[in-house]
Structures are given as structure tokens and as C-alpha cells.
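The values are calculated or read from the model by the stated rules, or taken from the named source; none is laboratory data. Here the structure is a predicted model, which means the values were calculated and not measured. Cβ placement follows ideal geometry from the backbone for every residue including glycine, while neighbour counts extend to all protein chains displayed. With ligands, DNA and RNA removed, areas are computed over all heavy atoms of the protein, side chains included. Shrake-Rupley method; radii C 1.70, N 1.55, O 1.52, S 1.80 Å.
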Amino acid sequence: MKTEFSLAQLADPDIAEADKILRACVHCGFCTATCPTYVLLGDELDSPRGRIYLIKEMLEKDKPPTRDVVKHIDRCLSCLACMTTCPSGVNYMHLVDQARVRIENDYARPLAERALRTMLAWVLPRPRLFRLSMILARFGRPLAALLPAPKAGSDSPDLLWRIKAMLALAPGRLPAPGPSGGSVFPALGTRRGRVALLQGCAQQVLAPRINQAAINFLTRHGIEVVLVKDEQCCGALTHHLGRDGDALARARANIAVWTAEAGRNGLDAILVTTSGCGTVIKDYGFMLREDRDFAGPAAKISALAKDITEYVAGIDLEPPRQRSDLVIAYHSACSLQHGQKITQAPKELLSKSGFVVKDVPESHLCCGSAGTYNILQPDIAGRLRDRKVANIATVRPDMIAAGNIGCMVQIAGGTSVPVVHTIELLDWATGGPRPGLN
């Protein structure tokens with residue numbers, strides 16, 4: 001793709017990166033076949049190729065984004081299926097991330113939408129505040145049915161529609177909190193390694209059982225686990241809202257505490273049980289590439305970050321305690337299969353642990369969760385969830401396994417089949433408790 005940035009524009013490292021990405025695009029359109037919003041809506045501007053044109057024009061002209069540009073960029077899930085499909089290696093992730101920052105800085109959203117986005121950016125990364133909001137939402141759920149239905153033919157969800165979606169996602173009850181930062185879990189028997197486990201934000205409120213299963217599994221296999229004190233949200237939530245200042249501040253804070261922990265006691269890896277977080281942490285090196293103080297440490301932390309299944313695939317597992325004939329539908333989270341290119345390890349681990357693993361048809365298509373997407377774009381998210389659930393149903397599973405809490409909550413909202421984390425099944429197979437749902 002031909003670009004026309006001025007030399008002054010290209011002096012900006014972000015614009016220089018965007019120019020490189022844009023020039024790699026050859027207009028082939030392969031990305032349209034795997035883009036969830038294009039598959040649903042059939043609008044070229046709701047495809048990666050269409051959005052690339054919009055972003056190119058916005059950046060080249062260096063003018064505030066228009067309402068139309070914002071609409072189509074906002075509809076992007078950042079599922080990154082286009083990057084898996086692209087034969088030219090276009091790094092769409094870094095391009096759309098840059099567009100979101102430009103929109104956040106230069107576009108005046110309606111007041112109600114600004115307030116909602118500010119609330120999400122403030123509450124979701126703070127577990128205590130998020131827990132309180134979930135308790136309040138539980139009391140508000142019965143009122144959701146009283147909210148007016150969306151306007152027919154509306155191409156943009158209004159505030160009430162989004163509030164209704166938010167209330168629908170709130171759980172009926174919350175589990176007790178898990179262990180706190182600063183906790184260390186010694187290896188059972190001979191120590192074979194030492195890792196930090198990301199505590200997460202929403203996950204530690206909604207499903208602390210996931211990290212507990214990871215701790216049980218890892219310590220059983222000789223791995224010492226530490227929950228690093230003063231760790232923060234990884235920054236993914238605010239990063240995808242275009243609030244880069246907040247996201248980078250959180251990244252720097254985490255890099256500092258993880259680097260200090262590695263220096264004191266050593267770390268073989270920083271393990272992540274939420275793949276959306278893992279994709280961003282693995283990108284810290286790029287995000288902070290121009291930061292004189294943090295570029296080097298950021299690259300080292302990104303190299304240490306691993307999805308839990310990525311790490312577990314490299315250790316010798318205990319044989320399954322009992323053979324299970326349970327049929328597991330494996331949902332491959334977009335952030336894992338497209339963002340981190342981890343596709344086979346989770347399925348192979350489950351299969352070796354005695355489960356009957358089934359691929360889900362159209363597994364490349366997003367379930368519609370995508371961070372805050374199922375709140376900000378509830379119509380598209382709901383249609384994608386229903387499509388995903390219908391595809392899962394065709395394999396008649398006893399359980400659904402996934403590696404991302406957002407996907408788990410989203411899919412569970414449309415099916416009665418239990419949805420559990422991959423590590424919960426691996427823990428169960430090697431001596432842990434049967435996965436619970438609270």
C-alpha cells in the first residue's frame with residue numbers, strides 16, 4: 001500500500017511504525033474471510049482491509065477522527081484473526097492500537113459514552129472496586145428487564161443498552177477472594193522451578209478457582225509459585241480503550257516489581273492464566289521500545305511471560321489418576337490462537353490427560369467477549385456468542401474448556417454446559433478436585 005506521510009510525520013516513531021505496517025498490506029482481502037464483524041455485517045469498512053484504509057487516511061491527514069471512522073474502529077474486536085490469515089504479515093494489532101489512542105485523544109465522544117468508558121477504565125483494573133461493583137450489579141440485575149429495548153435499526157448501542165448488557169454479565173454470587181499478593185507456595189517434593197503467577201483483575205474476583213487450580217497443579221509438579229506483591233493490572237483493559245498513559249504506567253509498575261522479584265529469588269517464567277493479559281504482557285517490549293529506562297527490562301519481561309499451557313507443555317506431567325471419557329469442547333481464545341499463536345498445546349495436554357477433545361467448528365471466529373466489547377458493542381457481541389454456542393453444541397460436549405476468563409463468562413451466558421479453564425481440567429486429571437463453577 002502506498003503511503004504519503006511527510007518527513008516531519010515520519011519523525012514520530014509511532015507514525016514510522018504505522019507507515020511500515022501500511023506498506024506491508026497488499027489489498028488481497030484474505031482477512032475479510034476470517035473477520036467476525038465482516039462475516040456478520042458484510043460491510044467492507046467493518047473488515048480489517050476497510051479499517052486499514054480509514055486509519056491510513058486519518059493518520060496521513062493528521063486530522064481528528066470522524067464519527068464514521070470511530071464507529072468502524074470501535075466495532076473491531078481486536079481478535080487478530082486477520083493477522084493469522086494475512087499472507088503479508090501486516091501487524092494489524094499495532095495499527096489498530098495506535099488508532100484507538102488517536103481516537104481517545106482527539107475525538108469528543110458523547111458525554112454518556114465518555115462517562116461509561118471512564119467508569120470501566122477505573123473500576124475493572126481494581127479488584128476491590130470491581131468486586132464492589134459486582135455486588136451492586138447483583139441487586140440491579142432484576143431491573144434489567146425493565147430497561148427499554150434497543151431502538152430498531154440502530155447502528156450504535158445507547159447507554160441503556162450497554163447498562164443492560166453489563167447487568168446481564170454480572171454473576172449471581174461471588175466466590176471468596178483467593179490468596180493475596182506476596183504469597184509463596186512451595187513446591188511439593190524436589191523443586192524443579194520457580195514462577196510468578198499473574199493475579200489478574202476481573203479473574204481474581206469472578207473465578208479465583210482458576211489460579212488456585214494453577215497453583216495446585218504447579219506445586220504438585222515441583223514448581224514453586226509466587227504471587228508478586230504490588231503487582232497491578234497488566235494494562236490490557238485500558239490499552240484497548242485507547243488510554244495508553246494508564247496502560248503504560250501499569251506496565252512499568254509491573255515490570256519493576258517482576259524484575260525485582262526475579263533479581264531476589266529468580267524466576268523461570270511469569271505465567272498467565274488469562275490469555276488476553278498474556279498477549280499484552282508479551283507486547284510490553286514493543287509498547288515501551290522508546291522508553292530509555294524501561295525498553296530493556298520490558299523486553300526481558302515479555303520474554304519471561306508464558307501462557308500457563310505453554311509452560312506446562314514443557315514439563316513432565318504426572319500420569320492421569322483416572323481415565324476420563326468426558327468430551328471436552330476446546331474453545332481457542334482469540335488472544336491465545338491469534339495473539340500468541342498457541343493452538344495445539346492446550347488440546348494436546350487435555351488429550352494426554354485422558355479427555356476426549358473436540359475442535360469447535362469456526363474456531364477462528366471470536367465469541368464476542370474481547371475485553372469490554374460485550375459491554376460497548378452488545379448487539380454484535382451477542383450475535384457472535386450465539387454463533388459460538390451453536391457451533392459448540394454440534395460436538396455435544398460434557399464440558400467446555402477455554403484459556404481466558406472473558407471467553408468463559410461470555411460463553412457461559414449462552415449455554416448450560418459447564419465452562420471451565422484448561423488448567424482446572426489438568427489439575428483434576430493429576431489429583432486435584434473436579435472443577436467447580438464458583
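Using a 1.4 angstrom probe with every protein chain in place, what is the largest-first accessible-area order of Leu54, Leu426? Display every interim value, and only then the final one.
Values: Leu54 20, Leu426 0 Å².
Descending order: Leu54, Leu426.
I need the phi-derived Karplus couplings for segment 102-109: 6.51 cos²θ - 1.76 cosθ + 1.60, θ = phi - 60°, integer Hz, Gly and Pro marked x.
Values per residue, Gly and Pro as x: 4, 5, 4, 7, 10, 10, 8, 6 Hz.
Separation of segment 1-30 and segment 233-288 by C-alpha centroid, Å?
Centre-to-centre (Cα) distance: 27 Å.
Can you work out the FRET efficiency for the pair Asn265 and Leu188, with r the C-beta to C-beta distance and R0 = 22 Å, to the nearest 0.05? If you can, show how the numbers build up before the last one.
Details: r = 18 Å, r/R0 = 0.83.
The pair Asn265/Leu188 has a calculated efficiency of 0.75.
Express the carbon and sulfur contribution to the solvent-accessible surface of segment 338-438 as a percent, rounded to the nearest whole number, probe 1.4 angstrom.
Working: 1760 of 3620 Å².
Accessible surface attributable to carbon and sulfur in segment 338-438 totals 49 percent.
Just read off the accessible area of Trp122 with the full protein assembly in place, 1.4 Å probe, to the nearest 10 Å².
140
Largest first, how would Asp74, Asp246 line up by accessible area (1.4 Å probe)? Don't skip to the answer; put the middle values down first.
Working: Asp74 30, Asp246 55 Å².
The ranking, largest first, comes out as Asp246, Asp74.
Using a 1.4 Å probe and ignoring any ligands, DNA or RNA, find the accessible area of Ile73 and quote it in Å² to the nearest 10.
0
Report, to the nearest 10°, how far helix 111-123 tilts away from the longest principal axis of the Cα atoms in the chain, using its own Cα long axis and a range of 0 to 90°.
Its long axis makes an angle of about 30 degrees.
Using only Cα atoms, find the angle between the long axis of helix 209-220 and the longest principal axis of the chain, and express it within 0 to 90 degrees, rounded to the nearest 10.
Tilt of helix 209-220: around 50 degrees.
Could you give the C-alpha radius of gyration of segment 172-235 expressed as a fraction of 2.2 N^0.38 Å, taking N as the number of residues it contains?
Values: Rg = 12.2 Å, N = 64, 2.2 N^0.38 = 10.7 Å.
Compactness ratio reported: 1.14.
I need to check one value: relative contact order of segment 216-270, counting alpha carbon pairs closer than 8 Å and at least 6 residues apart, in percent.
Numbers: 34 pairs, mean separation 16.6, N = 55.
So the answer I get is 30 percent.
Taking the Cα centre of each part, how many Å lie between segment 151-210 and segment 82-134?
Centre-to-centre (Cα) distance: 18 Å.
Give the label of the value calculated from the structure for Cα extents along the principal axes in Å, choosing from [x] 62, 53, 41; [y] 68, 50, 41; [z] 74, 49, 40.
Looking at Cα extents along the principal axes in Å for this model, the match is [x].
Provide the per residue accessible area, probe 1.4 Å, for the chain, rounded to a whole number of square angstrom. Intermediate results must be reported in sequence, preceding the final value.
Values: 18650 Å² over 438 residues.
Accessible area per residue: 43 Å².
First measure r as the distance between the Cβ atoms of Arg396 and Leu111, then evaluate 1/(1 + (r/R0)^6) with R0 = 51 Å and state the FRET efficiency to the nearest 0.05. Show your work: numbers first, answer last.
On the way: r = 48 Å, r/R0 = 0.94.
About 0.60, to the nearest 0.05.
Relative to the longest principal axis of the chain, what angle (0 to 90°, nearest 10) does the C-alpha long axis of helix 244-265 take?
30
Which FRET efficiency, nearest 0.05, do Asp316 and Ser363 yield, Cβ-Cβ r, R0 30 Å? It would help to have the intermediate numbers written out before the result.
Details: r = 29 Å, r/R0 = 0.96.
In this case the efficiency is close to 0.55.
Between Val356 and Arg292, what length comes free when the chain is fully extended (0.36 nm per residue of separation minus the Cα-Cα distance, one decimal in nm)?
On the way: separation 64, 0.36 × 64 = 23.04 nm, distance 4.95 nm.
Difference between extended and current length: 18.1 nm.
Considering the chain as a Gaussian network with a 10 Å cut-off on Cα pairs, which listed residue, Leu336, Leu237, Leu167, attains the greatest mean-square fluctuation?
Largest GNM mean-square fluctuation: Leu167.
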